[in-house]
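Have a look at the structure below before the remarks.
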Amino acid sequence: MSCVILDLDGTLLNTDGMFSEVLKTFLVKYGKEWDGREKHKIVGKTPLEEAAIIVEDYGLPCAKHEFVNEVKALPGANRLIKHLSCHGVPMALASNSHRATIESKISYQHGWKESFSVIVGSDEVRTGKPSPDIFLEAAKRLNMEPSSSLVIEDSVYVIGSYSLEFLFALLLKDKDSYVRIGVVAGKAAGMEVVAVPSLPKQTHRYIAADEVINSLLDLRPEKWGLPPFQDWIEGTLPSEPWYIGGPVVKGLGRGSKVLGIPTANLSTEGYSDVLSEHPSGVYFGWAGLSTRGVYKMVMSIGWNPYFDNAEKTIEPWLLHEFDEDFYDEELHLVIVGYIRPEANFPSLETLIAKIHEDRKVAERALDLPLYSKYRDDPYLKITSSKGQ
Ligand code: ADP
Ligand code: RBF
Ligand code: MG
């Protein structure tokens, strides 16, 4: 592959979040409730225009740019863009939005505009995705062959292709109105397609893709003949530390019993923000227990595909032998890096073996100065007594 063509909404930007989470949070913050009244007014507007309408309609005491700034890059988006642009890999943005909308959306993301030599919107071709036109036009403007173009797509759109419609469909839980149009368009253009599902547990909708990855963190450019990421260190991907804590809660009672691996589950309540900034997967770091001390820790966050859980769980395994349970005790975690996506396994034995491999990776990595320095993070020294 000699170039990369990226979709915007749901692949690089958490725009579904803009309308659901951000809109809801904003309205709640100002004591208002979403009633769907802006639906018709907003279609076809730029994000700033949309924000202006919402701010005015609901009489919110904030500036419209505060609202738009809340649109966040998805995990790994900045890292990928920086990496490809540092290595001089030609990059295009190909989105079903209008070009003006795309430009307006990326103008809030530092360094993005300069990284894309080509931007193609649906108003610049005859038909949008699932037609291959947008991708073919992008390749043409990059001076590249479709067959050497790698497409990265989240590809879950709603028929009608507008992200606000997507939100309403989501809210109505009308899951069948999503189609894999991005992947279909990329394949129709004769390109290689990596799908990054923006909804959990939807992998089966992406069979047309050449590869399905859980998040942009899992992209291995070298698989496609592109320069590899160089930030992996001994099987781990360092991140800015992030923090979660609370009393240890009862899980599904499977950790020790089924796997022989106890996990001191934390409640996900109140952590929807941090969890949306980090994909489900296996992470590691340090764990502080109020009455006991600080320990190395490896954890899974997500739906545990092997068990097909209905709810996302946070499951830290403290790398220490304890002689008793410590339910309800205050547990604080400093998470310093990522290891791998959650996976399904053909048997319990292979799952257990993989988790022990994760433990070894974490144990070794946490001795590196890069990670060991967080052992002294004040967040881990819980001074208040149990449950406070
Ligand atoms: P549950 O499904 O309730 O989380 P587990 O079988 O996963 O049950 O056991 C977890 C419990 O075991 C924790 O809540 C904690 O009290 C205890 N425990 C003992 N040793 C450890 C350890 N090394 N790491 C995590 N939890 C441990
Ligand atoms: N369960 C899975 O289904 N897939 C996984 O990839 C997976 N990885 C795990 C990694 C670690 C480090 C730990 C501690 C657990 C993992 N689990 C995984 C098991 C799961 O999180 C949980 O412990 C069990 O579901 C028992 O509650
Ligand atoms: Mg557990």
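Rundown of residues vs (1) aliphatic (A, V, I, L, M); (2) under 27 Å from Leu219 (Cβ atoms); (3) surrounded by 12 or more Cβ atoms within 10 Å (Cβ to Cβ), yes/no style:
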| residue | (1), (2), (3) |
| --- | --- |
| Ile335 | yes, yes, yes |
| Ile355 | yes, yes, yes |
| Tyr371 | no, yes, yes |
| Tyr379 | no, no, yes |
> Going by the conditions given, is Trp232 closer than 27 Å to Val294 by Cβ and open to solvent by 20 Å² or more (accessible area, probe 1.4 Å)?
Replying inline: yes
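Counting only residues that are small (Gly, Ala, Ser) and farther than 16 Å from Leu12 by Cβ, which one in segment 118-146 is modelled with the highest pLDDT? Explain how you work it out, then say what you get.
Initial filter on segment 118-146 (small (Gly, Ala, Ser)): 121-122, 128, 131, 138-139.
From the residues that got through so far, the ones that are farther than 16 Å from Leu12 by Cβ too are 122, 128, 131, 139.
On the way: Ser122: 90, Gly128: 81, Ser131: 82, Ala139: 98.
Top of the filtered list is Ala139.
Report yes if Ile244 is modelled with pLDDT of 95 or more, in a loop (DSSP other than H, G, I, E, B), open to solvent by less than 40 Å² (accessible area, probe 1.4 Å) and in contact with a Phe, Trp or Tyr (Cβ under 7 Å, 6 or more places away or on another chain), otherwise no. It would help to see each step written out before you state the result.
On the way: modelled with pLDDT of 95 or more: yes; in a loop (DSSP other than H, G, I, E, B): no; open to solvent by less than 40 Å² (accessible area, probe 1.4 Å): yes; in contact with a Phe, Trp or Tyr (Cβ under 7 Å, 6 or more places away or on another chain): yes.
Criteria not met by Ile244.
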>> For segment 82-97: of the residues being assigned to a loop (DSSP other than H, G, I, E, B) and closer than 12 Å to Cys3 by Cα, which is most open to solvent (accessible area, probe 1.4 Å)?
In response: His87
>> Condition first: open to solvent by less than 40 Å² (accessible area, probe 1.4 Å), near ligand 2 (Cβ under 9 Å from one of its atoms), within 24 Å of Leu217 (Cα to Cα) and in a loop (DSSP other than H, G, I, E, B). Can you find one or more residues in segment 295-309 that meet it?
In response: yes
> Which of (1) within 20 Å of Pro279 (Cα to Cα); (2) open to solvent by 60 Å² or more (accessible area, probe 1.4 Å) is the odd one out, the single condition Thr383 does not satisfy?
Replying inline: (1)
>> Can you find, within segment 310-334, the residue that is modelled with the lowest pLDDT among those that are within 12 Å of ligand 2 (Cβ to nearest atom) and of a type in the set (Val, Ile, Thr)?
In response: Thr313
>> If I ask for residues that are surrounded by fewer than 17 Cβ atoms within 10 Å (Cβ to Cβ) and of a type in the set (A, V, I, L, M), which ones from segment 98-122 would you list?
In response: Ala100
> Can you name the residue in segment 236-261 that is within 16 Å of ligand 1 (Cβ to nearest atom) and among the aliphatic types (A, V, I, L, M) and is also farthest from Asp308 (Cα to Cα) among such residues?
Replying inline: Ile244
> Out of (1) under 30 Å from Thr11 (Cα atoms); (2) surrounded by 16 or more Cβ atoms within 10 Å (Cβ to Cβ); (3) more than 9 Å from ligand 1 (Cβ to nearest atom), what's the single condition that is false for Ser290?
Replying inline: (1)
> Out of segment 207-225, which residues are open to solvent by less than 40 Å² (accessible area, probe 1.4 Å) and touching a strand residue (DSSP E or B) at 6+ places or on another chain (Cβ under 7 Å)?
Replying inline: Ala209, Glu211, Ile213, Leu217, Leu219, Trp224
> So which pairs qualify, if the first residue must be in segment 240-264 and of a type in the set (Lys, Arg), the second must be near ligand 1 (Cβ under 8 Å from one of its atoms) and open to solvent by 60 Å² or more (accessible area, probe 1.4 Å), the Cβ gap must be under 7 Å, and the two must be at least 6 apart or on different chains?
Replying inline: Lys250/Tyr327
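Within segment 317-329, work out how many residues are assigned to a strand (DSSP E or B) and open to solvent by 20 Å² or more (accessible area, probe 1.4 Å). Working first, answer last.
Residues of segment 317-329 assigned to a strand (DSSP E or B): 317-318.
Right, trim to open to solvent by 20 Å² or more (accessible area, probe 1.4 Å) and you get 317.
So the count comes out to 1.
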> In segment 256-269, what count of residues is obtained for those that are open to solvent by less than 20 Å² (accessible area, probe 1.4 Å) and within 8 Å of ligand 3 (Cβ to nearest atom)?
Replying inline: 2
>> Of all residues being closer than 15 Å to Glu342 by Cβ and without any contact (Cβ under 8 Å) to a residue 60 or more places away in the chain in segment 269-283, which is nearest to ligand 1 (Cβ to nearest atom)? Just the residue, please.
In response: Tyr283
> For Ser276, which of the numbered conditions (1) within 22 Å of Asp218 (Cβ to Cβ); (2) open to solvent by 30 Å² or more (accessible area, probe 1.4 Å); (3) within 11 Å of ligand 2 (Cβ to nearest atom); (4) modelled with pLDDT under 95 fails to hold?
Replying inline: (3)
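The values are calculated or read from the model by the stated rules, or taken from the named source; none is laboratory data. A quick note: this is a predicted structure, and the numbers were derived from the prediction, not measured. A quick note on method: Cβ atoms are made from the backbone with ideal geometry, for glycine too, and the neighbour counts reach across all protein chains shown. These accessible areas exclude ligands, DNA and RNA; they are computed on the full protein's heavy atoms, side chains included. Shrake-Rupley method; radii C 1.70, N 1.55, O 1.52, S 1.80 Å.
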